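Some notes on the structure that comes next.
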Amino acid sequence: MAKAMKKDLMDSNPDGLTNKGVNMYTKAQEQYKKWGIDTEAAIKKCAEISVSLHCWQGDDIAGFENTGAALSGGIQATGNYPGKARNKDELMRDLDLVFSLIPGKKRLNLHEIYAISDNDSPVKRDQPECRHFDPWLTWAKARNIGIDFNPTLFSHPMAASGLTLSSPDKNIRDFWIRHVKACRKIAAYIGEKQGSPSLHNIWIPDGLKDVPADRLGPRQRLKESLDEIFSVHYDKNHIIDVVESKVFGIGLESYTVGSSDFYLGYAAKAGINVLLDNGHYHPTELVSDKISSFLLSFDKIALHVTRPVRWDSDHVVLFEDEVKEIAKEIIRNDAEDRVLIGLDYFDASINRVAAWVIGARNMQKALLNALLMPHGDLKKLQDTGNFSKLLVCQEELKTLPFGAVWDEYLLRQHITGSDWYGTVEKYENDVLKFR
């Protein structure tokens, strides 16, 4: 009955608006227009900005190797909420529901441990092949979703020491070099097949629990490993290479080999790009402040948007100040095509599908919010030193009827509004609780 009523409304009004909706949106449109803001242009542009959803929220970063190995590498998924995905069919089914509840242009970010073997035996970590990801390509193509890709240098016996590409053991280094080389080949293959470059992001956990006796040696070995990995060249129309730093990990608190300084220098010299995760810096460092600097030196920047609470705890993204500032930096600098947005969090204490949807919708809210700002006028106020008026305008903009424009955006995208959680609750009762 509800679906039929919704269809009747859509058929009678192609924009999917009720009379009340028209009234609320029209009033909001008029208020934004007074600030020189075109809400129609904002809605259209927001729908074109890609956000890459991380597959690992659905199963607590377990993957399909089924080795029983505990999560390692200085990361941790906390909680034991029922219903996590246990295989590819469950994960894909969950993702289908998630994508039906979020607006905008979508991508999916895969880790190598989500390789799908053709005989149900686990794919060996240093031997993944392109064919192991053909099922994901088929699934994504049917949904018009792009795929990004990551090597998985954790949760494996060869990473038990906390060192991978920087290990003093050559056998360990060679194992992981083979792994990352194979992953870059897969990413390039994915990019070619899907017709858009696949972002390939290298993150390693390497570090030490206590004060190191040698900081240079591990970094020298990491550099040499990366040099070997990047000695193979692929078409940049198929793959975008990035490296991701981190400030510390659990059990690796005193020293991180792949620090921000290390990767910034390496990426600049190697002609690749960097990924900024807003949970991977000291608490007083803000990724929103770094974006403009990186735009001056790199062709592209990749982001992992998360919510650190006291540390890199990967909480679900909220519609909060730092996420808003990140979006503003992207929009005000016309960098939608240069800043590649991905999400990265894994909360196992709440419904995992809901966690996905909450974070993705909040990233979309931040982008739409940034598009509904008169950035040119605000810049002029700053440049002319009119800081009093600048502050007044920044504060007054906060109470404009953003919610009405957001609701209109969802209607145009044929996405459920604020009552979306009812769909997730039904899915939990019908599907998740039986896992």
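Brief remarks on what is shown
- Out of Val232, Val211, one residue alone is more than 21 Å from Ile75 (Cβ to Cβ), at pLDDT 95 or above, in contact with a Lys or Arg (Cβ under 7 Å, 6 or more places away or on another chain) and part of a loop (DSSP other than H, G, I, E, B). It is Val232.
- Evaluated against (1) surrounded by fewer than 22 Cβ atoms within 10 Å (Cβ to Cβ); (2) touching a Pro at 6+ places or on another chain (Cβ under 7 Å), Glu428 falls short on exactly one condition, (2).
- Within the stretch 215-264, being free of Cβ contacts under 8 Å to residues at least 24 places away in the same chain and in contact with a strand residue (DSSP E or B) (Cβ under 7 Å, 6 or more places away or on another chain) holds for Tyr263, Leu264.
- Flag if Leu165 is touching a residue at least 40 places away in the same chain (Cβ under 8 Å), assigned to a helix (DSSP H, G or I), farther than 19 Å from His238 by Cα and not charged (D, E, K, R): no
- Residue within the stretch 304-318 that is modelled with pLDDT of 95 or more and farther than 26 Å from Gly79 by Cα present: no
- When residues of the stretch 241-271 are limited to those that are surrounded by 22 or more Cβ atoms within 10 Å (Cβ to Cβ) and of a type in the set (Val, Ile, Thr), the one nearest to Ile202 (Cα to Cα): Val243
- When Val180, Val211 are checked against the criterion of being of a type in the set (Val, Ile, Thr) and either under 28 Å from Arg107 (Cβ atoms) or surrounded by 15 or more Cβ atoms within 10 Å (Cβ to Cβ) (or both), Val180 stands alone in meeting it.
- Summed over the stretch 110-154, residues that are in contact with a Lys or Arg (Cβ under 6 Å, 6 or more places away or on another chain) and surrounded by fewer than 15 Cβ atoms within 10 Å (Cβ to Cβ) total 0.
- Elements of type helices (runs of 4 or more DSSP H) contained in the stretch 1-79, each with 3 or more residues being modelled with pLDDT of 95 or more and under 30 Å from Pro374 (Cα atoms): 19-33, 39-46
- Any hit, the stretch 379-386, residues being farther than 17 Å from Val323 by Cα, in contact (Cβ under 8 Å) with a residue 60 or more places away in the chain and basic (Lys, Arg): no
- If you filter the stretch 20-59 down to residues that are of a type in the set (S, T, N, Q) and surrounded by fewer than 17 Cβ atoms within 10 Å (Cβ to Cβ), you find that the one that is farthest from Phe402 (Cα to Cα) is Asn23.
- Scanning the stretch 246-259 for residues that are assigned to a loop (DSSP other than H, G, I, E, B) and under 15 Å from Arg215 (Cβ atoms) yields Val247, Phe248, Glu253, Ser254, Val257, Gly258, Ser259.
- When the stretch 398-424 is filtered for residues that are of a type in the set (Asp, Glu) and either surrounded by fewer than 16 Cβ atoms within 10 Å (Cβ to Cβ) or not in a helix (DSSP H, G or I) (or both), only Asp419 remains.
- When residues of the stretch 284-294 are limited to those that are more than 26 Å from Ile229 (Cβ to Cβ) and under 20 Å from the mean Cα position of the chain (by Cα), the one surrounded by the most Cβ atoms within 10 Å (Cβ to Cβ): Ile291
The values are calculated or read from the model by the stated rules, or taken from the named source; none is laboratory data. Computed from a predicted model, the values in this text were never measured in an experiment. Using ideal geometry, Cβ is built from the backbone for each residue, glycine included, and neighbour counts are taken over all protein chains shown.
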